[in-house]
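The values are calculated or read from the model by the stated rules, or taken from the named source; none is laboratory data. Just so it is clear, the model here is predicted, and its values are computed rather than measured. Cβ coordinates were reconstructed from backbone atoms using ideal geometry, including for glycine residues, and neighbour counts include every protein chain displayed.
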């Protein structure tokens, strides 16, 4: 049986996450970042935690702490993991688990990544919406036809997120409904992630990634951009830059891992968002969270 670890991205946070196992690592993050991340994570307020530049290092730190805790509880998990993947921000946690980046470099980089993504588009000009139902190709074509809006996340069968200019996301709505999308849910996000409007953030991130060491991964990391396994540190660096503007091919990544022999997934980090998406993608595979593992 092949097991894969998967790591959550933004939206999985909650005040108090990591209590009882992440305190030490959060203190380490405080020293690296120069502000009290631990206090925000454990005590809130929520409006501070949901800020992109806070949320990204918070989820990364708690995910890494959860990984280390699960390794302590079941040491054999550390050697039996056949592959890893992470959803957007979660890709950095996956890279840490595969030995490609250090905690210090990871937490610094995702904090800056959050700042760059937040600053890329003026507040109120961008939007994202989750689409339930509808044909994948039809959604892609409608976005192309409207312009200024792009598929951002292919999360699971029947769940795609679109991103772009607020006016374009709204303009696509009626056409998407006519094409069979059952429900359009506007997302409470601070910027339009994973679309070409994020190019300024990608350019700044590329400069920061040149300052850190990215090692070859010890186990395959299934990249968001390609849904294919990668181990080369140089290739990982290029993909992390592209990831900012490219759609997250999550459904494709899960299907590819299953095709490559993965039969069990363990979600490591706060929340259970990925557990639900994986079950929708293939109800026959085993999915657990690290607490149940």
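Let's see how each residue does on (1) touching a residue at least 40 places away in the same chain (Cβ under 8 Å); (2) in a loop (DSSP other than H, G, I, E, B):
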position	(1), (2)
124	yes, yes
134	yes, yes
138	yes, no
150	yes, no
155	yes, no
169	yes, no
172	no, no
> Could you say whether any residue in segment 43-52 is touching a residue at least 40 places away in the same chain (Cβ under 8 Å), under 29 Å from residue 161 (Cα atoms) and touching a helix residue (DSSP H, G or I) at 6+ places or on another chain (Cβ under 7 Å)?
Replying inline: yes
> Can you tell which of 248, 268 is in contact with a helix residue (DSSP H, G or I) (Cβ under 8 Å, 6 or more places away or on another chain) and touching a residue at least 12 places away in the same chain (Cβ under 8 Å)?
Replying inline: 268
>> Being under 19 Å from the mean Cα position of the chain (by Cα) and either buried (at least 21 other Cβ atoms within 10 Å of the Cβ) or assigned to a helix (DSSP H, G or I) (or both) is the filter here; which residues of segment 14-32 pass it?
In response: 17, 18
> Which residue out of 225, 241, 287 is under 26 Å from residue 71 (Cβ atoms) and either at pLDDT 95 or above or buried (at least 21 other Cβ atoms within 10 Å of the Cβ) (or both)?
Replying inline: 287
> Hey, among 35, 5, which residue is surrounded by 15 or more Cβ atoms within 10 Å (Cβ to Cβ) and either under 20 Å from the mean Cα position of the chain (by Cα) or outside any helix (DSSP H, G or I) (or both)?
Replying inline: 5
>> Given the criteria in a helix (DSSP H, G or I) and either surrounded by fewer than 23 Cβ atoms within 10 Å (Cβ to Cβ) or outside the structural domain of residue 25 (by TED's automatic domain parsing) (or both), does residue 91 qualify?
In response: no
>> Can you find, within segment 100-111, the residue that is farthest from the chain's Cα centre (by Cα) among those that are within 20 Å of residue 223 (Cβ to Cβ) and in a helix (DSSP H, G or I)?
In response: 105
>> Please pick out the residue among 278, 258 that is outside the structural domain of residue 131 (by TED's automatic domain parsing), closer than 21 Å to residue 194 by Cα and part of a helix (DSSP H, G or I).
In response: 278
> Which condition number does residue 286 fail, the rest of (1) under 26 Å from residue 17 (Cβ atoms); (2) touching a strand residue (DSSP E or B) at 6+ places or on another chain (Cβ under 6 Å); (3) touching a residue at least 24 places away in the same chain (Cβ under 8 Å) being met?
Replying inline: (3)
> Could you say whether any residue in segment 180-198 is surrounded by fewer than 15 Cβ atoms within 10 Å (Cβ to Cβ), assigned to a helix (DSSP H, G or I), modelled with pLDDT of 95 or more and within 18 Å of the chain's Cα centre (by Cα)?
Replying inline: yes
> Of the conditions (1) at pLDDT 95 or above; (2) assigned by TED's automatic domain parsing to the domain that holds residue 147; (3) at positive phi, residue 134 fails just one. Which one is it?
Replying inline: (1)
>> Can you confirm whether residue 145 is surrounded by fewer than 23 Cβ atoms within 10 Å (Cβ to Cβ) and part of a loop (DSSP other than H, G, I, E, B)?
In response: no
